[in-house]
Amino acid sequence: IHGWYLEAICQHLEAVARRDIKRLLVNVPMRSGKSLLQSVFFPAWIWITQPEHRFLCTSYSKDLALRDSVRCRMLMLSHWYKERWRERFSLQGDLNIKSRFANDKGGYRITSAVGGATGDGGDTLICDDLHSRNEDDSPSRADIKAAVEFFNGDFAGCLTDPEDSAIIVSGQ
């Protein structure tokens, strides 16, 4: 459902693409479309003009991170997308799996869950829900600690260029 907040998120993602914003925090309720916008549509949109761009994407759950990776890849493989931007890049057949896919221009989208390592650098790091919620809708202390340690340790250190790379963090 269209809402002003979706336009606001898109405007901020555009600012990240221009590098007017290099650190973006998005806080919206669950089921608001933030994962689709930042983890699925944003990489597909960036590759239209910057196919060499490299993304590292993470979530607290490997299943959620893989879900969005598959959605992004399926969008890029869709007839609608290919009909419009087929000449810009093509996905590499030998590096086209759920957790990692790349294109022929040097861009890639790598997926990891909190605690997992990528071993690669990213021009944009996307952190979508770094910790889970309990039944009472609050995160556990252990989940928060694990998310903070992962972000401050392994993940934030994966920036290709600490001066110019961007980090997008979202949650509820």
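The values are calculated or read from the model by the stated rules, or taken from the named source; none is laboratory data. This structure is a prediction, so every number in the text was calculated from the model and none was measured. Note: ideal-geometry Cβ built from the backbone for every residue, glycine included; neighbour counts use all protein chains shown.
Details
- Residues located in the stretch 1-40, provided they are closer than 13 Å to ASP128 by Cα, touching a residue at least 12 places away in the same chain (Cβ under 8 Å) and of a type outside the set (Gly, Ala, Ser): LEU24, LEU25, VAL26, ASN27, VAL28, PRO29, MET30, LYS34, LEU36, LEU37, GLN38, VAL40
- Meets criteria (touching a Ser or Thr at 6+ places or on another chain (Cβ under 6 Å) and within 21 Å of GLY121 (Cβ to Cβ)) for SER69: yes
- Selection status of SER35, closer than 19 Å to LEU159 by Cα, at pLDDT below 90, in contact with a helix residue (DSSP H, G or I) (Cβ under 7 Å, 6 or more places away or on another chain) and buried (at least 16 other Cβ atoms within 10 Å of the Cβ): no
- Counting only strands (runs of 3 or more DSSP E) that sit wholly inside the stretch 1-103, those with at least 2 residues that are under 14 Å from the mean Cα position of the chain (by Cα) are 23-27, 54-59, 100-103.
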